[in-house]
1. If you place +1 on the Cβ of every Lys and Arg and -1 on the Cβ of every Asp and Glu, how big does the dipole about the Cα centre of the range 1-141 come out, in debye to the nearest 20?
2. Carbon-plus-sulfur fraction of the accessible area of the range 1-51, 1.4 Å probe, in percent?
3. Step through the table entries K43/K311; K44/K236; K125/K384; K181/K268; K242/K290; K27/K243, compare each Cα-Cα distance with 28 Å, and write down the pairs that go over it.
4. Search the structure for amide H atoms under 5 Å from the amide H of I97, placed 1.01 Å from N in the peptide plane, and list their residues when 5 or more places away or on another chain.
5. Between N391 and W126, what length in nm is gained on full extension when 0.36 nm per residue of separation is reduced by their alpha carbon distance?
6. State, to one decimal in nm, how far the label point of K236 lies from the label point of E299, with both points 7 Å from Cα in the Cβ direction.
7. Mind listing the long-range amide H neighbours of E108? Cut-off is under 5 Å, sequence gap 5 or more, other chains count too, H placed in the peptide plane at 1.01 Å from N.
8. Determine the share of the range 152-303's accessible area contributed by carbon and sulfur atoms, expressed in whole percent, with a 1.4 angstrom probe.
Amino acid sequence: MAFPITVARRIKQPALIALWGGSSSGKTYSALQIAYGLVEPGKKIGIIDTENRRGLMHVGVIPVDFYHIDLQPPFTADRYIEAFKSFEHAGDYGVIIVDSFTHCWEGEGGVIDQSEQNGFKGLAKWSSPMIQLKRLTNTFLRAPMHVIYCMRQKMTYAQEKNAKTGKETIIPTGFVPIPVKNTIYEMGVSFWLGMDHKPIFRDQSERVFCNSDIPAIKAPAAIMQQLVEGEYLSIKHGQIIKKWFDGDVRDLADEGRRVAARGTLSLKAWNASLTEEERKELTAKKLGLKGIAEKADAEEAERVATIEREKLDRETRQNEQSSDDGNAFLDEFTPAADSAAATEKGEGKQAVVDERAQQIARFNRDINTVDWFYKMADDGNAYKRGEQGVNNLLALAKSLGPEFVAQFEAKKTEVWNRVVRTEPPATPAPTPAPTPAPTQAPVADDEDNLF
């Protein structure tokens, strides 16, 4: 396969910006100032607020409205992505502030929380949460608008042997942003803010210093040359960053492919922002963006189904491994488990088919045996067992598809109607047939052949 070779040009791109520092270092205020300098005429500023609506305290610090999403726990990567896509699909947003990105790591339901509760041990417990965190970062990295991270800081430590005594001692190695210092590697621009609310330029003291693996300030040389020590971050700095990231040319084809890879709703919102001339230019190039978007939708649907299946399998595994002696979980990383996993891999597609058939059989069995009336139980343990059973059944239904969710809801309605009605109907109401999920149009009605 031959790859196209083109002359390199600085194209217009969205900026990924990080502001990190201690509590009360001015991250949110500075983010709004930069956002106002970044945003183009006619575009809006949005903020995903995980700080219990603290972002609303900054209303009025810039001369335009900004729009707010109150993101409450659990702070999973998927919930951050859902909040972000709410802005993206609404259209007309030029800058999104994520305040705070730190909660996806150490907040309720974040990476640390997930790693302690997923039933795995050792390094394996970090695998799934870290993959989700990387996916979240990639979502922001490929966004069609500017994104500003606000992150808290933490001190890092290392073990060092004392040359004189030979003893191991713990030494501080400098501040890094939370979640991890690698986050800065993805940024186009980042600032470490001091307690005076200003970017830190000088070498820090022994008590306050940045980890040597990351820069206190990161920016292209053309931006660095315009930064002045002792200045607060302001609208001016947003304008400086915007000018650089606007580049020399705009590559609509590249933008279109990036947006289409995020799904039909993203493509539709981006298309609404284009001029008629830009639409004509893209249509003439026949990029197949509609097909790219539909493929992205299918992959996203499969990813969600996989998450549901993994959740169900994890809950089932935890229930099976629980015992009366208090040993809640067993180490599943055994030779037998490894062998089973290898065998399953080798079976390929047939294994997937067999697994789905087993899950359908299990669903058909459990839908008739689950304790639908657990809410009426007087015993607390019976209530918990019933609640867990119903939740597991719903998770299984979601992993199998919308028609199974419809069966779940119909069965629940049927059994509860028997209790609520004082007189049974003359003819029992039949269980509704599964209703397939509606197919969402990838673009507006008059844009079926878009690009």
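1. Working: 14 positive and 14 negative charges, 119 e Å.
Rounded to the nearest 20 debye, it is 580 debye.
2. Of all accessible area on the range 1-51, carbon and sulfur atoms account for 58 percent.
3. K43/K311; K181/K268; K242/K290
4. Excluding prolines and chain starts, which carry no amide H, the hits are G46, I47, I48, I148.
5. Values: separation 265, 0.36 × 265 = 95.40 nm, distance 2.49 nm.
In short, 92.9 nm is gained.
6. According to this spin-label approximation, the distance is 4.3 nm.
7. Answer set, sorted by chain and number: F75.
8. Of the solvent-accessible surface of the range 152-303, carbon and sulfur hold 51 percent.
The values are calculated or read from the model by the stated rules, or taken from the named source; none is laboratory data. Source: prediction; values computed, not measured. Ideal geometry is used to build each Cβ from the backbone, glycine not excepted, and the neighbour counts take in all protein chains shown. These area figures cover heavy atoms from the full protein model, side chains too; ligands, DNA and RNA do not enter into them. Shrake-Rupley method; radii C 1.70, N 1.55, O 1.52, S 1.80 Å.
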